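Undergrad: Following this message is one structure expressed as structure tokens.
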């Protein structure tokens, strides 16, 4: 006698991968249409490893390296921004296209709406200065502290860069020590060296 608790093996009762994807896409569309989707995210591979991208209706809110633990980042976003979060790759197509162009050496600046709500106070002031560092150039932590209005806050600039929610797009990798050494980086020093080398080669 067949166990009534045994999962059915009828192919009609199972979702194929394509059907599951179509269902997921439909849920994303419905959530977006009804204002229930407040954070869309996707993961991509890149020359500096796996990246998590997340956006709100305002703009790109998070770029995270694998070293940050993507699941932990999503959990933090759910707490800090909204629990209405869903994997919705198409919502980030333009971000991916611009990152692809950047890594291919075809793009020197990003033209993306950003949501900087995760940075406040002096940290935000620091992040707002970083796009002024030109592609292929660097600035010291002291330079950025002065530009942000507090020349003595060199250590705080380092902290702001280390907690930058939008690395790559907001180019904290272009901030180096006064002696020219690259300093630390959220994605690891190898990633920072890769990005600086990419920009020097273009």
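Computed from the coordinates by the stated procedures, all read-outs in this text should not be read as laboratory data. Being a predicted model, the structure only gives us computed values, none of them experimental. Cβ atoms come from the backbone with ideal geometry, glycine included; neighbour counts cover every protein chain shown.
Undergrad: For a Förster distance of 30 Å, can you work out the FRET efficiency between the beta-carbons of residue 100 and residue 155, rounded to the nearest 0.05?
TA: On the way: r = 35 Å, r/R0 = 1.17.
Result of the calculation: an efficiency of 0.30.
Undergrad: Taking region 118-190 as the region of interest, what is the percent of Cα-Cα pairs per 5 angstrom bin, listed from the shortest bin to the one with the maximum distance?
TA: Per 5 Å bin, starting at 0, the Cα pair percentages come out as 3, 19, 33, 29, 13, 2, 0.
Undergrad: Sorted by packing (mean other beta-carbon atoms within 10 Å per residue), highest first, where do 157-168, 106-117, 141-152 land? Don't jump to the answer; show the numbers that get you there.
TA: Values: 157-168: 21.7, 106-117: 14.2, 141-152: 17.2.
The densest-packed peptide leads the list: 157-168, 141-152, 106-117.
Undergrad: While we're here: Pairs of Cα atoms under 8 Å, at least six residues apart: use those to get the relative contact order of region 121-201, whole percent. Mind showing how you got there, number by number?
TA: Values: 95 pairs, mean separation 25.5, N = 81.
So the answer I get is 31 percent.
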